[in-house]
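Student: One structure coming up, written as structure tokens, with questions to follow.
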């Protein structure tokens, strides 16, 4: 499965970073806090503030960031809908998947509304296909998508210009974090693969990871 | 028409939508920007309540990054102490014992990171308050843990938009994501919905302090 392999990239990186433990995490935090020490920031290139045009392909400024987020939320919503239909899950796990899917759909709705209210055009819903082979690989994909989603929001937080867009993005970001922790728990993996400090993902990394699922 | 459609319709109010935000302007104080932002939020985010945003903005006026970080540090002191004590008091075993150890470690790292950052910004870290956690047994521990973690998430979400430095903001985001992960894990232990709402509502400083006040000795 090419998609799964691609997605393993950022996750492995996060696991690697998590291995560093306390001192690395602290250094990462300090590097993020405007440190001018190169030695600290080199290990945390992901914390580097993104260029202003990182989401330019989705629109200008905050609209671009919202449309980028909307695209990811569309994918998550479609993914959960497909998983529900797949019949691979039942009982409590199915309920969890349904619940998460409904929440992603609410994110889609809120983001769409936000873009429209700013007088811009919401990003189109991408056509997507996901490999739904068996329960375990689907849960792994779900965990990867949620961890990546949380990292994607975190990667944009500091780029958001208006405080109200930021407040709303943060309200979504932590819910993605909750979802990720639940899926990691279902897989018997640590709830905090990045350690005590969540790590951001840049747009390029995120898009490269979801690209295999977008068709046409 | 569903209720949601109705509320969107009402809140996507053109009068509110014309409020312009210029976050880049140095002329406006951050709190002024934020207040306007909060008003506009009702227009932008029809699905979210306007009230809490406005109260949050009003409640947080005038806070510097050091003030916000010290507020966060107080909460992290509380959580760190709570889990440190819980290692012996919560009577946890198996999976929960590992979780308590993980959470204790994470919160302690947050305390250290926030302390270092406050110093780095030229501020003075608050002293660790004395806490008194009134609970007994594993059930009592889990109930309190859920309150603390959910409150922590909402506290960071409420305070973060007031942060002026982008670097501090990014770092606070890294912490709140971990708090959210903790909250979900504790909720699973409580057999509660791990992500009860699609949006984690922000709390302002007063609301947060009210929630944690009973545990300050």
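Each value in this text was obtained by applying a stated rule to the coordinates, not by laboratory testing. From a predicted model like this one, the values you see are computed outputs, not experimental measurements. FYI the Cβ positions are ideal-geometry reconstructions off the backbone, even for glycines, and counts take in every protein chain you see.
Student: When the C-alpha atoms of segment B:84-148 are aligned to their principal axes, what extent does each axis show, in angstrom, from largest down?
Tutor: Here the Cα extents, ordered largest to smallest, are 42, 23, 18 Å.
Student: Can I ask one more? Could you estimate the translational diffusion coefficient of segment B:129-213 from the Stokes-Einstein equation, with Rh from the Kirkwood formula over C-alpha pairs, at 37 °C and 0.692 mPa s, in whole µm²/s?
Tutor: Values: Rh = 13.7 Å.
Result for D is 239 µm²/s.
Student: Could you compute Rg(Cα) / (2.2 N^0.38 Å) for segment B:69-217, with N its residue count? Please list the in-between numbers first.
Tutor: On the way: Rg = 14.7 Å, N = 149, 2.2 N^0.38 = 14.7 Å.
Normalised by 2.2 N^0.38 Å, the Cα Rg of segment B:69-217 equals 1.00.
Student: Order by neighbour count: A:175, A:138, fewest other Cβ atoms within 10 Å first, most last. Kindly include the intermediate steps, with their values, before the conclusion.
Tutor: Details: A:175 29, A:138 20.
Fewest-to-most ranking of A:175, A:138: A:138, A:175.
Student: In nm², what is the average projected area of the convex hull enclosing the Cα atoms of segment A:94-216? Walk me through the intermediate numbers first.
Tutor: On the way: hull surface 33.0 nm².
In nm², the orientation-averaged hull projection of segment A:94-216 is 8.2.
Student: A follow-up question, please. Rounded to the nearest 0.05, what FRET efficiency do residue A:129 and residue B:192 have when you use their Cβ-Cβ distance and R0 = 35 Å? List each step's numbers first, then the result.
Tutor: Details: r = 34 Å, r/R0 = 0.98.
The calculated FRET efficiency here is 0.55.
Student: Further, regarding this structure: Between residue A:189 and residue A:92, what FRET efficiency follows from the Cβ-Cβ distance if R0 is 25 Å, with the result rounded to 0.05? Walk me through the numbers on the way to the answer.
Tutor: Values: r = 18 Å, r/R0 = 0.73.
The computed FRET efficiency comes out at 0.85.
Student: Per residue, what volume in Å³ does the convex hull of the Cα atoms of segment A:84-157 enclose?
Tutor: On the way: hull volume 7.8 nm³, N = 74.
Taking only Cα atoms, segment A:84-157 has a hull volume of 106 Å³ per residue.
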